[in-house]
Structure formats: C-alpha cells, structure tokens
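The values are calculated or read from the model by the stated rules, or taken from the named source; none is laboratory data. Predicted, not measured: the structure shown is a model, and the values here were computed from it. Ideal geometry is used to build each Cβ from the backbone, glycine not excepted, and the neighbour counts take in all protein chains shown.
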Amino acid sequence: GIHFDYIRYPGNSTRFPDRARFNKYGNGKNLSDWRRENINRFVTKMYDYVKSVKPWVQVSSAPLGRYRPLNNKHDGWNALETVLQDAGHWMMSGKHDAIYPMMYYRNDLFYPFADDWLLHCNNRIVVPGLGVYQMQEIKWPKEDIVNQMAYSREKKMSGQAYFRTENVLSNLKGILFSINDYYKHPAKLPAMTWLSDTIPDAPQDLRAEKVRGMFQLEWESDTTEIRTYTIYKASDDNFDIENAANIVATGVREPMYEFYVEDNDEAYYYFVTSHDAYNNESVICNPAFYYHSETIK
C-alpha cells in the first residue's frame, strides 16, 4: 500500500511560508480553503496515479483523530479546520481506501468522533489509532484503551492500531496481556469491494499428510495472478466461515502450509479459500479429512 502519515499543514500555520504563492495562485479563495484544496488535489492525483499503475494497491493516511468540531464540544485541534486535512472528503469522493485516524483521546473526545469517522467513511476501511502512550504520559487507566477497543469492534470498524509500539511491547499496565486476549484468533483483511467485487476461484485438490513429523496441506491454484490463502479447521464439514475461531492461518502466500499438530486421536476437516489482490475471498474448496493418530493412518 501507499500510506501518507504527515499529510497536512502544521498546527501553527500562520508561520507557514506560502503567502507569496497564495497571492499568485489563490484565485479569490480564502487562505484556508486554498490550502485545503492543495492537499485535496495532491491526494486525488496520487490516488488516480497509483490506481492507473496497480489498481489493487491500497491508499491510506493517518489524519488527526478528530475530523471536525462536533456540537461545539471542541473547537480547537481537528483535521478539517486546524491543519486543513479533509480526510472525510477523500473517503467520500473515492480517493482513499482506508484511514487510520490518530484518536489519542478519551471519553467525549473519542466516542462521538469515532462515530463521525464512520459517517464519512463511504463504507471503506476505518482503523482508529488508540493512544496507549497516554497511559504513561498522563496516567490513563488501562480500561480507557480496553473500552475503546470494545467500542470500535462493536461499531464494526475494521480493526485497531496502537501508538506507541514500545508502550505495547513493554506491557505497560498489562496492556499486552489485554491485547493478546482480545485477538485470540487470526483476522482476514477486509475486502476492497469498491475496487473489485469479483470472487476468485477456489483452490483445488486439497491434500493432507504428515511429513517428517509436521502436518502438511497442499493444494492447486489455476491462476498466475496474486493470491493469498486462508486455512480453516472444523470438526465437521458444516462450519461457519465467519467464525474466526475456525481459522488456522490467513495471508498464506504459497499453495502449501505446514504446521505441527499433536497426534491426539482427533479428526478434523480442513478447508482452504483463496483471496485475490483486493482481498475478495473465494468459496471454500472441497475439504480434506484427517485423523491425527499415531496408530490409525
């Protein structure tokens, strides 16, 4: 993908040295509108160029966490007016595939603004960035982050991002334990159906066997186009493909997957689906059945 991080004017834009250029090219607009349009034009041209070369490449950015003022609750630091970053327009006009707003706030500076991003997402990907670092810098309790995780999932946002990595990996206030518990199962990438909604063909001829102590699945693919695969496991052949607990692995890049399975005298059906470059998922292939046992083959 192509991701724009700092795609905005500075917070103290009065010092930005563009007055001579504005006087020459402003065409009667006020300064804020002209600056905002400069960014809009850049985003549009970049998006169109990327799609003309590789239409499946995802274009995204990380705007400020508050898109615009809401109900006079906060008239200060927001994307649209303070740094002239009209990310809602980029999504609604079809010039962005995803946004990762930096929502490093809590309470009424988080929840209404999360809802506002969903109003301006055009059914595209919204992943709020959660301010884990605030647990260190201004002593947030861990529950603030955990509640935001739950809220964004309840609202069917596409995921969550966490800032900063060091605060997560150091397990600040036990947040890594909470994250590991929250993401118990693998997650498939959301399909970019606004770019293509064509369902790829399912894999064929799925085979299962033990090879040098490892359990190996292999299958055939009848295309040379970009494909990744998701592997599922279930105790019968009537399973819920939407239940992440059934996923063994996703994002597999080769038509083979090898992993360790204990010989515990249990039998499973294994299924594989393919994903195209837009993350559209095929139907499941015909399953492979395997009984994991040292004595029964």
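Structure notes:
- Residue check for residue 233: of a type in the set (Lys, Arg) and more than 22 Å from residue 156 (Cβ to Cβ): yes
- Single residue of segment 228-244 satisfying the filter (over 19 Å from the mean Cα position of the chain (by Cα) and surrounded by fewer than 15 Cβ atoms within 10 Å (Cβ to Cβ)) that is nearest to residue 206 (Cα to Cα): 237
Yes/no per residue for (1) within 30 Å of residue 50 (Cα to Cα); (2) surrounded by fewer than 18 Cβ atoms within 10 Å (Cβ to Cβ); (3) touching a residue at least 12 places away in the same chain (Cβ under 8 Å):
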{"site": "69", "(1), (2), (3)": "no, yes, yes"}
{"site": "76", "(1), (2), (3)": "no, yes, no"}
{"site": "81", "(1), (2), (3)": "yes, yes, yes"}
{"site": "93", "(1), (2), (3)": "yes, yes, yes"}
{"site": "96", "(1), (2), (3)": "yes, no, yes"}
{"site": "101", "(1), (2), (3)": "yes, no, yes"}
{"site": "105", "(1), (2), (3)": "no, no, yes"}
{"site": "123", "(1), (2), (3)": "yes, yes, yes"}
{"site": "127", "(1), (2), (3)": "yes, no, yes"}
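- Any hit, segment 214-224, residues being in a loop (DSSP other than H, G, I, E, B), β-branched (Val, Ile, Thr) and in contact with a Phe, Trp or Tyr (Cβ under 9 Å, 6 or more places away or on another chain): no
The rows are residues; the columns are (1) surrounded by fewer than 14 Cβ atoms within 10 Å (Cβ to Cβ); (2) within 30 Å of residue 190 (Cβ to Cβ); (3) not assigned by TED's automatic domain parsing to the domain that holds residue 115.
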{"site": "12", "(1), (2), (3)": "yes, no, no"}
{"site": "21", "(1), (2), (3)": "yes, no, no"}
{"site": "24", "(1), (2), (3)": "yes, no, no"}
{"site": "41", "(1), (2), (3)": "yes, yes, no"}
{"site": "64", "(1), (2), (3)": "no, yes, no"}
{"site": "84", "(1), (2), (3)": "no, yes, no"}
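- Some residue of segment 183-196 being over 18 Å from the mean Cα position of the chain (by Cα) and surrounded by fewer than 16 Cβ atoms within 10 Å (Cβ to Cβ): no
- Residue check, residue 170 of a type in the set (S, T, N, Q) and under 29 Å from residue 276 (Cα atoms): no
- Scanning segment 270-289 for residues that are in a strand (DSSP E or B), buried (at least 19 other Cβ atoms within 10 Å of the Cβ) and not aliphatic (A, V, I, L, M) yields a count of 6.
- The listed residues are 192, 214, and the only one of them that is more than 17 Å from residue 285 (Cβ to Cβ) and touching a residue at least 60 places away in the same chain (Cβ under 8 Å) turns out to be 192.
- Among the candidates 237, 263, residue that is in a loop (DSSP other than H, G, I, E, B), in contact with a Phe, Trp or Tyr (Cβ under 7 Å, 6 or more places away or on another chain) and not aliphatic (A, V, I, L, M): 237
- Enumerated helices (runs of 4 or more DSSP H) restricted to segment 1-103, each holding at least 3 residues that are within 26 Å of residue 195 (Cβ to Cβ), of a type in the set (S, T, N, Q) and at pLDDT below 95: none
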